[in-house]
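Notes to accompany the following structure.
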Amino acid sequence: MKKEIILVGTFHFEQEEEITKKTETEVEEFVDYLAEYKPDKIALEWEKSEEDELIAAYQKRKENYATDEVEQIGFRLAKKLNHDTLHAVNWQGAISQEDLMKLHAEIQSSYPALMNFIDKLSENTPEISLDTSLIDSYRELNDEQSMKELEEMYLSFVKVTDPAGENIGFDFLNKWMERELVIFKNVTEMSDPEERILLIIGSDHLWMLNNLFKGNGWSVINPFYRG
């Protein structure tokens, strides 16, 4: 039997104002939906080096969850499944705010076609809305076509250079790929044979992690896929 991973691309709740207006019942319904997949372990986008703090917070928290996806989804799901612990698998890596600003400024000034593509993706990025159920919002976020478009966008950065010839797009991607590989490594190290892992992570990570897990022989499950 192959190892299985359930990839849940998530919104970062602190960037989504409407999440505060969602009822606890709707959040619980979403958690119930994920619980049906019965993962053996739950991994979260939390720094691996701070895993002890994550576990302590999880074991202490009984209610009044913080307004972030780690607690609202991760903690609730783990408690529903009677898991004793959670697993931190993130590594922030070497990407700085300066790297992001430098890349964006160069694309904006010298790569109009790529800028237009990025703008189009941004305009169509799913959001949490009172008019849409939380499950449907996540279904849109985890759409296979969206993943392909994000992959195309990220890989397009490789050609971005500044006037001095510095390969700023390549350098950014190099740091991004390193981060993805460390996250992938952290998940593989926390898993045992024939286990089903559920990973909750920002949706921009899905395309690369999907490729890595499949390439390593894992069965990758998209819980929002509608075939």
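What follows is calculated from the coordinates using simple rules that are stated; it is not laboratory data. None of these values were measured; they are calculated from a predicted model. Cβ placement follows ideal geometry from the backbone for every residue including glycine, while neighbour counts extend to all protein chains displayed.
Quick notes on this one:
- Residue pairs exceeding 29 angstrom between C-alpha atoms, taken from Lys41/Lys159; Lys22/Lys79; Lys48/Lys120; Lys60/Lys148; Lys3/Lys102; Lys48/Lys80: Lys41/Lys159; Lys48/Lys120; Lys60/Lys148; Lys3/Lys102.
- Computed from backbone phi, the HN-Hα couplings of segment 167-178 come to 7, 5, x, 4, 5, 4, 4, 4, 5, 5, 4, 4 Hz, rounded to whole numbers (Karplus: 6.51 cos²θ - 1.76 cosθ + 1.60, θ = phi - 60°; Gly and Pro given as x).
- Between the Cα long axis of helix 144-156 and the first principal axis of the chain there is an angle of about 40°, rounded to the nearest 10.
- Per-residue Cβ neighbour rank within 10 angstrom, fewest leading, Val89, Val158: Val158, Val89
- A compact globular protein would have a Cα radius of gyration near 2.2 N^0.38 Å; the ratio found for segment 19-139 is 1.34.
- For segment 22-71 and segment 186-221, distance of Cα centres in Å: 18
- Additional length obtainable on full extension of the chain from Asn174 to Tyr225, 0.36 nm per residue less Cα span: 15.4 nm
- An ellipsoid equivalent to segment 136-227, defined through the eigenvalues of its Cα gyration tensor, has semi-axes of 28, 18, 9 Å when rounded to whole angstrom and sorted largest first.
- Its alpha carbons give the chain an Rg and a Dmax of 18.2, 56 Å.
- 5 Å binning of all Cα-Cα separations within segment 117-178, expressed as whole percents from 0 upward: 4, 16, 19, 18, 16, 12, 8, 6, 2, 1
- Put a dot 7 Å past the Cα of Ala57, heading toward its Cβ, do the same for His12, and the two dots end up 1.4 nm apart.
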